[in-house]
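Peer 1: Could you have a look at this structure, given as structure tokens, before my questions?
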Amino acid sequence: MTKATQLTISASTGEQYPAYVGTDIQEHFSRFWEESVKTPECMVIIDERVEELHTDFLRAQLADSSIDILDWYVVPSGESSKCWSQYQAIVDRALQQGILRTTPVLVIGGGVTGDLGGFAASSIMRGLPLVHWPTTLLAMVDSSIGGKTGINHSRGKNLIGSFYQPKGIWIDSQLLTTLDRRDWYNGISEIIKYSYLADPSIIDTLSQCEVDKLKNNPIPINSLIEKSVRIKANIVAKDAREAGIRAVLNLGHTFGHAMEVMGKYGTLAHGEAVYAGMIAALEASNMLGAQFDMGRILTFKGWYDLHLDDYTNNIDTLIEFMYQDKKSTSDGIRLVLLEDWAAPYVSLVEESLIQKAYERMFEHLS
Ligand SMILES: NC(=O)c1ccc[n+]([C@@H]2O[C@H](COP(=O)([O-])OP(=O)(O)OC[C@H]3O[C@@H](n4cnc5c(N)ncnc54)[C@H](O)[C@@H]3O)[C@@H](O)[C@H]2O)c1
């Protein structure tokens, strides 16, 4: 039997749930389900592309564990699905199908399906049991962990949502073999983030990893996933509702979200915006006294195909979008910065510093 690593995630709000990590771990699914939700049925919310590629495998795994599928809702692939109309369609379907308050919702897909399906699960009948089955690297290392759900608004990303912990997270990295290169690197951005926040050694491992090697070798990727889940879980254990320390997980995100919003979520993928945003955040940190060697993060530049021309001459607009980010306050823009490796802090900063950080980031990436 293939080994699955079992982790326990404990949120500071009191919930505790299992996360199983491994490759080819389907034999463990029945036990996982029993520990998570027990009910032998579910409503599935699934990403369109994952359905195209993996339906037989997924349905067989549920059947082998004697789980009935009450409904199977397919979410069109792409960030634009994190919207009101998809949310409403899921609510309509769940209610039409006679979903009960005890019916688990199994969300299978990347961060988009996870955030959307998680938000629907958190609000239908004031909350249905939720299980995440992440299928992108980004969702495995980040979005499925810790209970943030949400949809976007034209005025900003994730402006509508909830904190809602799942009952369990199933991470089988064999699904990553079908992931596009671009989505591998999107996930890697969040892993780079964890390295700066908590574990400098991760970036050394990453610099030796080409995606083709990772794709065919589950050992390093599972180890990177496990390390990432543990780092995020550690933070969620202290502050599940982002009253304090959890905010550090937004390293690079305030810069990046502004770029995503300005590009109407169609130009840069989330992980690409986060990579660019982290470069700006490191530059801002250096301007305030840190001494990061920018060469370390820039070694990954060639992995990303970033088209930044539309942003370069629009820093003022980006700064306006930063004010609308929900992490900003009435006092100004708050950024996650670093004193050093594994030493993050949050601070209100001057607009001029943000301007300079964006300029340097564009210089690095042009
Ligand atoms: N909730 C959180 O804490 C949190 C944290 C980080 C990011 N996010 C959100 O996550 C989203 C980005 O997630 P993402 O990068 O996973 O994007 P995504 O969900 O759009 O997935 C990326 C692409 O991969 C495809 N895909 C998914 N699984 C696949 C597989 N196994 N094989 C082949 N293709 C597959 C999808 O169809 C899509 O085209 C953003 O909306 C971001 O805001 C949320």
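Peer 1: Of all residues being near the ligand (Cβ under 10 Å from one of its atoms) and of a type in the set (Gly, Ala, Ser) in region 126-145, which is nearest to residue 249 (Cα to Cα)? Just the residue, please.
Peer 2: Ranking the qualifying residues of region 126-145, first place goes to 143.
Peer 1: Give the residues of region 284-293 that are closer than 20 Å to residue 347 by Cβ and of a type outside the set (S, T, N, Q), sorted by residue number.
Peer 2: 284, 287, 288, 289, 290, 292
Peer 1: Of the residues in region 61-102, how many are outside any helix (DSSP H, G or I) and under 12 Å from residue 42 (Cβ atoms)?
Peer 2: Looking only at that region, the number is 13.
Peer 1: If we only count helices (runs of 4 or more DSSP H) wholly inside region 275-357, which ones have 2 or more residues that are more than 18 Å from residue 189 (Cα to Cα) and among the aliphatic types (A, V, I, L, M)?
Peer 2: Because the criterion is at least 2 residues that are more than 18 Å from residue 189 (Cα to Cα) and among the aliphatic types (A, V, I, L, M), the helices (runs of 4 or more DSSP H) in region 275-357 that meet it are 315-324.
Peer 1: Still on this model: Going through 131, 141 one at a time, which residue ends up being modelled with pLDDT of 95 or more, within 24 Å of residue 6 (Cα to Cα), assigned to a helix (DSSP H, G or I) and open to solvent by less than 10 Å² (accessible area, probe 1.4 Å)? So that I can check it myself, show each step before the final result.
Peer 2: Values: 131 fails: assigned to a helix (DSSP H, G or I).
141 is the lone residue from the list that is modelled with pLDDT of 95 or more, within 24 Å of residue 6 (Cα to Cα), assigned to a helix (DSSP H, G or I) and open to solvent by less than 10 Å² (accessible area, probe 1.4 Å).
Peer 1: Still on this structure, please answer the following. For region 27-58, what are the residues that are in a helix (DSSP H, G or I) and within 16 Å of the ligand (Cβ to nearest atom)?
Peer 2: 48, 49, 50, 51, 52, 53, 54, 55, 56, 57, 58
Peer 1: Here's a follow-up. Suppose we filter region 146-169 for residues that are within 23 Å of residue 235 (Cβ to Cβ), near the ligand (Cβ under 9 Å from one of its atoms) and open to solvent by less than 50 Å² (accessible area, probe 1.4 Å); how many remain?
Peer 2: Within region 146-169, residues that are within 23 Å of residue 235 (Cβ to Cβ), near the ligand (Cβ under 9 Å from one of its atoms) and open to solvent by less than 50 Å² (accessible area, probe 1.4 Å) number 7.
Peer 1: Considering region 350-366 alone, what residues qualify as being surrounded by 17 or more Cβ atoms within 10 Å (Cβ to Cβ) and among the hydroxyl-bearing types (Ser, Thr, Tyr)?
Peer 2: The answer is 358, and nothing else.
Peer 1: Here is a follow-up. Counting only residues that are charged (D, E, K, R) and free of Cβ contacts under 8 Å to residues at least 40 places away in the same chain, which one in region 170-184 is farthest from the ligand (Cβ to nearest atom)?
Peer 2: Among those that are charged (D, E, K, R) and free of Cβ contacts under 8 Å to residues at least 40 places away in the same chain, it is 181.
Peer 1: Only one residue in 88, 96, 61 is of a type outside the set (Val, Ile, Thr) and within 15 Å of the ligand (Cβ to nearest atom). Which one?
Peer 2: The unique qualifying residue is 61.
The values are calculated or read from the model by the stated rules, or taken from the named source; none is laboratory data. Remember, it's a predicted structure, so these values are computed and weren't measured experimentally. Don't worry about glycine lacking a Cβ; one is built from the backbone with ideal geometry, like all the others, and counts go over all protein chains shown. Note: accessible area is taken over every heavy atom of the protein model, side chains too, but ligands, DNA and RNA are not part of it. Shrake-Rupley method; radii C 1.70, N 1.55, O 1.52, S 1.80 Å.
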